[in-house]
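**Q** Attaching a single structure in C-alpha coordinates format; questions to follow.
The values are calculated or read from the model by the stated rules, or taken from the named source; none is laboratory data. All values derive from a computational prediction rather than experimental measurement. Positions of Cβ are backbone-derived with ideal geometry, glycine not excepted, and every protein chain shown enters the neighbour counts.
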Amino acid sequence: MPAPYSSGLRPPAVEARGLRVVRGGREVLRGLSFTVPRGTVTGLLGPSGCGKTTLIRSIVGTQITASGTVTVLGEPAGSRRLRGRVGYATQTPALYPDLTVAENLRYFAALLHAEPDVERVIAATDLERQRDQAVGSLSGGQRMRTGIAAALLGGPPLLVLDEPTVGLDPVLRNQLWQLFRTLAADGTTLLVSSHVMEEAGRCGRLLLMRDGLLLADDTPDALRDRTGTVDLEQAFLRLVEDVAPRETRHHGTQPHEDEETGP
Ligand SMILES: Nc1ncnc2c1ncn2[C@@H]1O[C@H](COP(=O)(O)OP(=O)(O)OP(=O)(O)O)[C@@H](O)[C@H]1O
(Lines give C-alpha, C1' and ligand atoms only; values in the text may rest on other atoms or scores of the structure.)
Protein backbone atom coordinates (compact mmCIF):
# COMPACT_ATOMS: atom_id res chain seq x y z
CA MET A 1 0.00 0.00 0.00
CA PRO A 2 1.24 3.54 -0.69
CA ALA A 3 2.16 5.60 2.34
CA PRO A 4 -0.80 7.43 3.89
CA TYR A 5 -0.64 11.22 3.63
CA SER A 6 -2.31 13.12 6.40
CA SER A 7 -3.72 16.60 5.86
CA GLY A 8 -1.05 19.23 5.26
CA LEU A 9 1.52 16.74 3.93
CA ARG A 10 1.52 16.77 0.15
CA PRO A 11 2.08 13.38 -1.45
CA PRO A 12 5.04 13.02 -3.83
CA ALA A 13 4.49 13.45 -7.57
CA VAL A 14 4.93 9.72 -8.14
CA GLU A 15 5.32 6.83 -5.76
CA ALA A 16 5.80 3.26 -7.03
CA ARG A 17 5.95 0.22 -4.77
CA GLY A 18 6.86 -3.25 -6.01
CA LEU A 19 5.76 -2.46 -9.57
CA ARG A 20 5.84 -5.45 -11.91
CA VAL A 21 4.76 -5.51 -15.56
CA VAL A 22 4.72 -8.49 -17.91
CA ARG A 23 4.74 -7.94 -21.68
CA GLY A 24 4.95 -10.61 -24.34
CA GLY A 25 5.48 -13.31 -21.68
CA ARG A 26 8.48 -11.53 -20.16
CA GLU A 27 8.68 -9.62 -16.91
CA VAL A 28 9.82 -6.24 -18.26
CA LEU A 29 9.48 -4.33 -14.95
CA ARG A 30 10.73 -6.45 -12.10
CA GLY A 31 9.53 -4.95 -8.84
CA LEU A 32 10.33 -1.23 -8.98
CA SER A 33 10.00 0.99 -5.91
CA PHE A 34 10.85 4.67 -6.03
CA THR A 35 9.57 8.17 -5.34
CA VAL A 36 9.63 11.23 -7.59
CA PRO A 37 9.60 14.32 -5.33
CA ARG A 38 7.61 17.37 -6.40
CA GLY A 39 9.28 20.27 -8.20
CA THR A 40 12.19 18.22 -9.52
CA VAL A 41 13.45 17.34 -12.97
CA THR A 42 13.91 13.60 -12.60
CA GLY A 43 15.70 11.80 -15.40
CA LEU A 44 14.68 8.25 -16.27
CA LEU A 45 17.74 6.82 -17.91
CA GLY A 46 18.77 3.46 -19.25
CA PRO A 47 19.57 1.64 -22.48
CA SER A 48 17.04 1.01 -25.21
CA GLY A 49 14.58 -1.72 -24.22
CA CYS A 50 15.25 -1.49 -20.45
CA GLY A 51 11.61 -0.57 -19.72
CA LYS A 52 11.48 3.23 -19.63
CA THR A 53 8.39 3.58 -21.83
CA THR A 54 6.67 0.75 -19.95
CA LEU A 55 7.33 2.53 -16.67
CA ILE A 56 6.05 5.81 -18.11
CA ARG A 57 2.91 4.06 -19.36
CA SER A 58 2.40 2.67 -15.85
CA ILE A 59 2.64 6.19 -14.42
CA VAL A 60 0.21 7.76 -16.90
CA GLY A 61 -2.17 4.84 -16.43
CA THR A 62 -2.11 3.22 -19.88
CA GLN A 63 -0.23 0.05 -18.89
CA ILE A 64 -1.70 -3.13 -17.40
CA THR A 65 0.39 -3.94 -14.34
CA ALA A 66 0.93 -7.40 -12.87
CA SER A 67 1.40 -6.29 -9.26
CA GLY A 68 2.48 -3.40 -7.08
CA THR A 69 1.12 0.13 -6.85
CA VAL A 70 1.73 3.42 -8.63
CA THR A 71 0.39 6.55 -6.97
CA VAL A 72 0.44 9.86 -8.86
CA LEU A 73 -0.16 13.15 -7.01
CA GLY A 74 -1.77 11.07 -4.28
CA GLU A 75 -4.17 9.22 -6.62
CA PRO A 76 -3.93 5.76 -8.16
CA ALA A 77 -2.24 6.03 -11.60
CA GLY A 78 -4.82 6.39 -14.37
CA SER A 79 -7.56 7.63 -12.04
CA ARG A 80 -10.12 10.06 -13.48
CA ARG A 81 -9.14 12.68 -10.94
CA LEU A 82 -5.73 12.92 -12.62
CA ARG A 83 -7.24 14.04 -15.93
CA GLY A 84 -5.65 17.35 -16.92
CA ARG A 85 -3.14 17.07 -14.05
CA VAL A 86 -0.60 14.91 -15.88
CA GLY A 87 0.88 16.12 -19.18
CA TYR A 88 2.29 13.31 -21.30
CA ALA A 89 4.39 13.58 -24.46
CA THR A 90 4.95 10.22 -26.15
CA GLN A 91 7.91 9.33 -28.36
CA THR A 92 5.64 9.57 -31.40
CA PRO A 93 3.17 12.36 -30.62
CA ALA A 94 -0.44 11.69 -31.60
CA LEU A 95 -1.22 14.82 -33.63
CA TYR A 96 -3.44 15.56 -36.62
CA PRO A 97 -1.06 15.76 -39.64
CA ASP A 98 -3.37 17.84 -41.82
CA LEU A 99 -3.93 20.49 -39.13
CA THR A 100 -1.37 23.20 -38.38
CA VAL A 101 0.60 23.39 -35.13
CA ALA A 102 -1.72 26.11 -33.78
CA GLU A 103 -4.87 24.22 -34.89
CA ASN A 104 -3.70 21.03 -33.18
CA LEU A 105 -2.94 22.93 -30.00
CA ARG A 106 -6.24 24.84 -30.11
CA TYR A 107 -8.06 21.51 -30.45
CA PHE A 108 -6.31 19.92 -27.44
CA ALA A 109 -6.65 23.17 -25.47
CA ALA A 110 -10.42 23.14 -26.06
CA LEU A 111 -10.63 19.60 -24.60
CA LEU A 112 -8.83 20.84 -21.47
CA HIS A 113 -10.63 24.23 -21.34
CA ALA A 114 -7.18 25.81 -21.66
CA GLU A 115 -7.65 27.89 -24.83
CA PRO A 116 -5.73 30.97 -23.55
CA ASP A 117 -2.67 28.75 -23.12
CA VAL A 118 -1.99 28.10 -26.82
CA GLU A 119 0.30 31.06 -27.52
CA ARG A 120 2.21 30.51 -24.26
CA VAL A 121 3.06 26.89 -25.12
CA ILE A 122 3.98 27.78 -28.73
CA ALA A 123 6.45 30.36 -27.39
CA ALA A 124 7.77 28.01 -24.69
CA THR A 125 8.63 25.35 -27.27
CA ASP A 126 10.01 27.84 -29.81
CA LEU A 127 7.44 26.98 -32.47
CA GLU A 128 6.40 30.50 -33.50
CA ARG A 129 7.72 30.08 -37.05
CA GLN A 130 5.89 26.77 -37.47
CA ARG A 131 2.60 27.80 -35.87
CA ASP A 132 0.74 27.87 -39.25
CA GLN A 133 2.52 24.89 -40.79
CA ALA A 134 0.73 21.54 -41.18
CA VAL A 135 2.04 19.05 -38.62
CA GLY A 136 2.47 16.45 -41.40
CA SER A 137 5.20 18.62 -42.94
CA LEU A 138 7.20 19.25 -39.73
CA SER A 139 10.62 17.79 -39.04
CA GLY A 140 10.86 15.07 -36.38
CA GLY A 141 12.19 17.49 -33.77
CA GLN A 142 9.49 20.08 -34.53
CA ARG A 143 6.80 17.41 -34.25
CA MET A 144 8.26 16.28 -30.90
CA ARG A 145 8.18 19.90 -29.68
CA THR A 146 4.55 20.19 -30.77
CA GLY A 147 3.84 17.10 -28.65
CA ILE A 148 5.59 18.73 -25.70
CA ALA A 149 3.61 21.94 -26.30
CA ALA A 150 0.39 19.90 -26.13
CA ALA A 151 1.56 18.31 -22.87
CA LEU A 152 2.19 21.78 -21.41
CA LEU A 153 -1.39 22.97 -22.07
CA GLY A 154 -3.24 23.80 -18.89
CA GLY A 155 -0.03 23.85 -16.84
CA PRO A 156 -0.28 20.32 -15.38
CA PRO A 157 1.62 19.85 -12.08
CA LEU A 158 3.28 16.69 -13.47
CA LEU A 159 4.86 16.44 -16.92
CA VAL A 160 5.99 13.06 -18.22
CA LEU A 161 8.12 13.30 -21.36
CA ASP A 162 9.30 10.19 -23.20
CA GLU A 163 12.66 10.87 -24.88
CA PRO A 164 11.76 14.49 -25.71
CA THR A 165 15.20 15.47 -27.00
CA VAL A 166 15.74 12.66 -29.54
CA GLY A 167 16.78 14.08 -32.91
CA LEU A 168 17.19 17.65 -31.66
CA ASP A 169 20.32 19.66 -32.38
CA PRO A 170 22.41 20.72 -29.36
CA VAL A 171 21.01 24.27 -29.37
CA LEU A 172 17.39 23.15 -29.28
CA ARG A 173 18.19 20.43 -26.76
CA ASN A 174 19.75 23.04 -24.53
CA GLN A 175 16.71 25.30 -24.91
CA LEU A 176 14.39 22.45 -23.94
CA TRP A 177 16.42 21.62 -20.85
CA GLN A 178 16.31 25.28 -19.87
CA LEU A 179 12.53 25.16 -20.27
CA PHE A 180 12.37 22.03 -18.07
CA ARG A 181 14.39 23.76 -15.35
CA THR A 182 12.21 26.88 -15.51
CA LEU A 183 9.06 24.78 -15.20
CA ALA A 184 10.54 22.90 -12.23
CA ALA A 185 11.52 26.17 -10.55
CA ASP A 186 7.86 27.22 -10.87
CA GLY A 187 6.80 24.05 -9.06
CA THR A 188 6.09 21.64 -11.95
CA THR A 189 7.48 18.12 -11.56
CA LEU A 190 9.09 16.67 -14.67
CA LEU A 191 9.93 13.07 -15.39
CA VAL A 192 12.06 12.98 -18.53
CA SER A 193 13.32 9.78 -20.13
CA SER A 194 16.46 9.50 -22.20
CA HIS A 195 18.93 6.87 -23.24
CA VAL A 196 21.69 9.46 -23.56
CA MET A 197 23.76 9.46 -20.38
CA GLU A 198 25.07 12.92 -21.26
CA GLU A 199 21.62 14.26 -20.35
CA ALA A 200 21.73 12.69 -16.88
CA GLY A 201 23.88 15.51 -15.51
CA ARG A 202 21.14 18.02 -16.36
CA CYS A 203 18.65 16.37 -13.99
CA GLY A 204 18.09 17.11 -10.31
CA ARG A 205 17.44 13.43 -9.64
CA LEU A 206 18.04 10.24 -11.57
CA LEU A 207 16.29 6.93 -11.90
CA LEU A 208 18.74 4.59 -13.60
CA MET A 209 17.25 1.47 -15.14
CA ARG A 210 18.59 -1.63 -16.76
CA ASP A 211 16.72 -4.70 -17.93
CA GLY A 212 13.57 -3.96 -15.92
CA LEU A 213 15.41 -3.18 -12.68
CA LEU A 214 16.12 0.10 -10.97
CA LEU A 215 19.88 0.45 -10.46
CA ALA A 216 19.74 3.79 -8.68
CA ASP A 217 17.37 6.49 -7.43
CA ASP A 218 19.58 9.40 -6.42
CA THR A 219 21.00 12.79 -7.30
CA PRO A 220 23.80 12.94 -9.92
CA ASP A 221 26.29 14.09 -7.25
CA ALA A 222 25.39 11.30 -4.84
CA LEU A 223 25.76 8.78 -7.66
CA ARG A 224 29.21 10.08 -8.55
CA ASP A 225 30.22 9.92 -4.87
CA ARG A 226 28.80 6.45 -4.34
CA THR A 227 30.54 4.98 -7.39
CA GLY A 228 33.75 6.98 -7.03
CA THR A 229 33.50 8.34 -10.59
CA VAL A 230 33.27 11.84 -12.02
CA ASP A 231 31.45 10.75 -15.15
CA LEU A 232 27.81 9.56 -14.95
CA GLU A 233 28.31 7.08 -17.79
CA GLN A 234 31.10 5.48 -15.73
CA ALA A 235 28.83 5.56 -12.66
CA PHE A 236 26.17 3.69 -14.62
CA LEU A 237 28.70 1.05 -15.71
CA ARG A 238 29.88 0.65 -12.09
CA LEU A 239 26.30 0.07 -10.98
CA VAL A 240 25.78 -2.50 -13.75
CA GLU A 241 28.89 -4.37 -12.53
CA ASP A 242 27.50 -4.34 -8.97
CA VAL A 243 24.19 -5.79 -10.08
CA ALA A 244 25.64 -8.51 -12.33
CA PRO A 245 26.05 -11.18 -9.59
CA ARG A 246 22.40 -10.67 -8.49
CA GLU A 247 21.32 -10.92 -12.15
CA THR A 248 22.83 -14.38 -12.43
CA ARG A 249 20.67 -15.49 -9.51
CA HIS A 250 17.58 -13.93 -11.13
CA HIS A 251 17.78 -16.16 -14.22
CA GLY A 252 15.19 -18.87 -14.18
CA THR A 253 12.37 -16.49 -13.25
CA GLN A 254 9.24 -17.67 -14.99
CA PRO A 255 6.73 -15.48 -16.82
CA HIS A 256 3.61 -14.73 -14.81
CA GLU A 257 0.00 -15.52 -15.57
CA ASP A 258 -1.19 -11.93 -15.35
CA GLU A 259 0.70 -10.81 -18.42
CA GLU A 260 -0.37 -8.23 -20.93
CA THR A 261 -1.56 -9.58 -24.24
CA GLY A 262 -2.44 -6.39 -26.10
CA PRO A 263 -0.10 -4.05 -28.01
N1 LIG B 1 3.72 -4.84 -26.82
C2 LIG B 1 4.77 -5.51 -26.39
N3 LIG B 1 4.77 -6.86 -26.35
C4 LIG B 1 5.83 -7.54 -25.91
N5 LIG B 1 6.96 -6.97 -25.46
C6 LIG B 1 7.03 -5.64 -25.46
C7 LIG B 1 5.94 -4.84 -25.92
N8 LIG B 1 6.31 -3.55 -25.80
C9 LIG B 1 7.56 -3.55 -25.28
N10 LIG B 1 7.98 -4.80 -25.08
C11 LIG B 1 9.30 -5.19 -24.53
O12 LIG B 1 9.39 -4.65 -23.24
C13 LIG B 1 10.74 -4.23 -22.98
C14 LIG B 1 10.71 -2.77 -22.50
O15 LIG B 1 10.29 -1.95 -23.58
P16 LIG B 1 10.21 -0.37 -23.44
O17 LIG B 1 9.58 0.17 -24.68
O18 LIG B 1 9.56 -0.06 -22.15
O19 LIG B 1 11.76 0.03 -23.37
P20 LIG B 1 12.48 1.45 -23.44
O21 LIG B 1 13.48 1.46 -22.36
O22 LIG B 1 11.45 2.52 -23.44
O23 LIG B 1 13.19 1.39 -24.86
P24 LIG B 1 13.55 2.60 -25.90
O25 LIG B 1 14.55 3.49 -25.21
O26 LIG B 1 14.15 1.85 -27.07
O27 LIG B 1 12.27 3.28 -26.24
C28 LIG B 1 11.52 -4.45 -24.26
O29 LIG B 1 12.25 -5.64 -24.13
C30 LIG B 1 10.45 -4.59 -25.31
O31 LIG B 1 10.90 -5.45 -26.35
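**Q** Would you point out which residue out of Asp186, Asp221, Asp242 is at pLDDT below 95, touching a Gly at 6+ places or on another chain (Cβ under 9 Å) and surrounded by fewer than 18 Cβ atoms within 10 Å (Cβ to Cβ)?
**A** Sole residue among the options that is at pLDDT below 95, touching a Gly at 6+ places or on another chain (Cβ under 9 Å) and surrounded by fewer than 18 Cβ atoms within 10 Å (Cβ to Cβ): Asp186.
**Q** What are the pairs, 6+ residues apart or on separate chains, where a residue within the range 43-63 that is more than 24 Å from Ala235 (Cβ to Cβ) has its Cβ under 8 Å from a residue that is at pLDDT below 95 and near the ligand (Cβ under 9 Å from one of its atoms)?
**A** Gln63/Glu260
**Q** Condition (residue is within 25 Å of Gly46 (Cα to Cα) and among the basic types (Lys, Arg)) applied to the range 102-113: is it met by at least one residue? Don't jump to the end; show me each part of the working.
**A** So the first thing to find is which residues in the range 102-113 are within 25 Å of Gly46 (Cα to Cα), and the list is none.
No: the range 102-113 contains no residue that is within 25 Å of Gly46 (Cα to Cα) and among the basic types (Lys, Arg).
**Q** When Thr100 is evaluated against the numbered criteria (1) within 16 Å of the ligand (Cβ to nearest atom); (2) over 23 Å from Met209 (Cβ atoms), which criterion, by number, is the only one it fails?
**A** (1)
**Q** Select from the range 16-27 the residues that are assigned to a strand (DSSP E or B) and out of contact with any helix residue (DSSP H, G or I) (no Cβ under 8 Å at 6 or more places or on another chain) and write down the one among them that is nearest to the ligand (Cβ to nearest atom). Before the answer, list the steps.
**A** Here is the first cut: in the range 16-27, the ones assigned to a strand (DSSP E or B) are 16-23, 26-27.
With the extra rule that they be out of contact with any helix residue (DSSP H, G or I) (no Cβ under 8 Å at 6 or more places or on another chain), the set shrinks to 17-18, 20, 22, 26-27.
Values: Arg17: 19, Gly18: 18, Arg20: 13, Val22: 9, Arg26: 7, Glu27: 10 Å.
Looking at the filtered set, the residue picked out is Arg26.
**Q** When you check Gly78 against the structure, is it part of a loop (DSSP other than H, G, I, E, B), among the small types (Gly, Ala, Ser) and more than 25 Å from His195 (Cα to Cα), yes or no? Even if it seems obvious, please write down each step before you answer.
**A** Numbers: part of a loop (DSSP other than H, G, I, E, B): yes; among the small types (Gly, Ala, Ser): yes; more than 25 Å from His195 (Cα to Cα): yes.
Criteria met by Gly78.
**Q** A further question follows. Give just the number: which of (1) at pLDDT 90 or above; (2) more than 16 Å from the ligand (Cβ to nearest atom); (3) at negative phi does Gly154 not satisfy?
**A** The one condition Gly154 does not meet is (3).
**Q** Working carefully through the options Gly49, Gly74, find the one that is out of contact with any His (no Cβ under 8 Å at 6 or more places or on another chain), at pLDDT 95 or above and at positive phi. Show your work before the answer.
**A** Values: Gly49 fails: at pLDDT 95 or above.
From the options Gly49, Gly74, the qualifying one is Gly74.
**Q** Continuing with this model, one more query. Among the candidates Arg131, Arg57, Arg30, single out the residue that is of a type in the set (Lys, Arg), touching a helix residue (DSSP H, G or I) at 6+ places or on another chain (Cβ under 7 Å) and modelled with pLDDT of 95 or more. Please lay out each step first, then the result.
**A** On the way: Arg57 fails: touching a helix residue (DSSP H, G or I) at 6+ places or on another chain (Cβ under 7 Å); Arg30 fails: touching a helix residue (DSSP H, G or I) at 6+ places or on another chain (Cβ under 7 Å).
Criteria check complete, one pass: Arg131.
**Q** Taking into account only those residues within the range 113-128 that are hydrophobic (A, V, I, L, M, F, W, C) and touching a Lys or Arg at 6+ places or on another chain (Cβ under 7 Å), which is surrounded by the most Cβ atoms within 10 Å (Cβ to Cβ)?
**A** Taking the range 113-128 as the starting set, the residues that turn out to be hydrophobic (A, V, I, L, M, F, W, C) are 114, 118, 121-124, 127.
Next, only the ones that are touching a Lys or Arg at 6+ places or on another chain (Cβ under 7 Å) stay: 118, 122, 127.
On the way: Val118: 23, Ile122: 21, Leu127: 20.
The selected residue is Val118.
**Q** Restricting attention to the range 108-133, which residues are part of a helix (DSSP H, G or I) and more than 19 Å from Val86 (Cβ to Cβ)? Break it down stepwise before answering.
**A** The initial filter retains those residues of the range 108-133 that are part of a helix (DSSP H, G or I), namely 108-112, 115-124, 128-130.
Correct list: Glu115, Pro116, Val118, Glu119, Ile122, Ala123, Glu128, Arg129, Gln130.
**Q** It is to be established whether one or more residues within the range 84-93 are at pLDDT 95 or above, within 13 Å of the chain's Cα centre (by Cα) and under 20 Å from Gly31 (Cα atoms).
**A** no
**Q** Give the number of residues within the range 47-71 that are within 14 Å of Val192 (Cα to Cα) and near the ligand (Cβ under 6 Å from one of its atoms).
**A** 4
**Q** Could you list all residues from the range 75-108 that are touching a Pro at 6+ places or on another chain (Cβ under 8 Å), farther than 12 Å from Gly147 by Cβ and not basic (Lys, Arg)?
**A** We begin by selecting, within the range 75-108, every residue touching a Pro at 6+ places or on another chain (Cβ under 8 Å); these are 84-87, 89.
So of that shortlist, the ones also farther than 12 Å from Gly147 by Cβ come out as 84-86.
Passing the criteria: Gly84, Val86.
**Q** Which ones in the range 27-64 are among the hydroxyl-bearing types (Ser, Thr, Tyr) and touching a Ser or Thr at 6+ places or on another chain (Cβ under 8 Å)?
**A** Of the range 27-64, the ones among the hydroxyl-bearing types (Ser, Thr, Tyr) are 33, 35, 40, 42, 48, 53-54, 58, 62.
Thr40, Thr42, Thr53, Ser58 - these are the residues of the range 27-64 that are among the hydroxyl-bearing types (Ser, Thr, Tyr) and touching a Ser or Thr at 6+ places or on another chain (Cβ under 8 Å).
**Q** Could you check Thr40 against (1) surrounded by fewer than 19 Cβ atoms within 10 Å (Cβ to Cβ); (2) more than 19 Å from Ala184 (Cβ to Cβ) and say which number it fails?
**A** (2)
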